[in-house]
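Take a look at the structure set out below.
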Amino acid sequence: MTDQQPRGEQQPPTGQPSFNAQPSPGAPPSPGAPRPPAGQEPLNADEILDVVDEHDRVVGQAPRAESYARRLRTRCAFILVRDAEDRIFVHRRTPRKLVFPSHYDMFVGGVVGAGESYDEAALREAEEELGVRGLARPEPLFRFLYETPEHSWWSAVYQVRCTLPVAPQESEIDWYAFLPEEELVRRLDTWPWTPDGLAAYRQLTERRAAGEL
């Protein structure tokens, strides 16, 4: 990621409303799901992760790509980021992501590395993806087990306020904007969202409505 600041307002991707988008430099204009360019491998395939059981206890370790291929249960951190105006950071993942390429997400975050705590991963991932330093420690909200026929990971959900200028990683994010939550909710059924992020957001809103948060 360079130190170049995002360019000024540009045309948002097809099918998106006209808000003050802040695309990363060179961001593609379409929210489709293209394949990675020939010769380019998905990111972070060799990263070593802790493998955990149904009670979130560490039972081994495996490279990230292997854990996905064998559906080994791992750990992830999800961080909901709001700015000073209470808008939520929303972004589109790059085509080179190992899972859910070119999908939208209302969380930043990622896998918890081997020997790393959820809290450590939450701060590391938030600062890396937002391109900031000195972010406050994300506040833990809840954990849940995300499981599908293809994937399985324990998920720790956090929230944090970011008033720093952001410069997201171009290798991770190819479009981003801070959206009012009402705008985000309107787009839940029309944009392709990461399934785990969508599951985490639905749990967050349900728990909030029930007065648990």
**Prompt:** Within the accessible area of segment 78-213, what % is carbon and sulfur when the probe is 1.4 Å and the other protein chains stay in place?
**Reply:** 48 percent
**Asked** Ranked from highest to lowest mean number of other Cβ atoms within 10 Å per residue, what is the order of the peptides 202-210, 150-158, 188-196?
**Response** 150-158, 188-196, 202-210
**Message:** Calculate the FRET efficiency for ARG124 and ARG186 from the Cβ-Cβ distance with a Förster distance of 35 Å, rounded to the nearest 0.05.
**Reply:** 0.65
**Asked** From the square roots a ≥ b ≥ c of the eigenvalues of the alpha-carbon gyration tensor of segment 95-213, which class results: rounded (a/c under 1.5), prolate (a/b over b/c), or oblate?
**Response** rounded
**Message:** How far apart, in nanometres, would the label points at GLN169 and GLU206 be if each is projected 7 angstrom from Cα along the Cα-to-Cβ direction?
**Reply:** 3.0 nm
**Asked** If you rank GLU183, GLU120, GLU66 by how much accessible surface each has, with a 1.4 Å probe, what is the order from largest down?
**Response** GLU120, GLU66, GLU183
**Asked** Taking the alpha-carbon centroid of each part, what is the distance from segment 65-80 to segment 101-124 in angstrom?
**Response** 10 Å
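Around ARG70, what is the net charge, scoring Lys/Arg as +1 and Asp/Glu as -1 over all other residues with Cβ under 13 Å from its Cβ?
With Lys, Arg at +1 and Asp, Glu at -1, the neighbours total +1.
The values are calculated or read from the model by the stated rules, or taken from the named source; none is laboratory data. Keep in mind that this is a model prediction, so the values were computed, not measured. Because the Cβ atoms are built from the backbone with ideal geometry, glycine has one as well, and the counts that use them run over all protein chains shown. Only protein heavy atoms, including side chains, enter the accessible area calculation; ligands, DNA and RNA are left aside. Shrake-Rupley method; radii C 1.70, N 1.55, O 1.52, S 1.80 Å.
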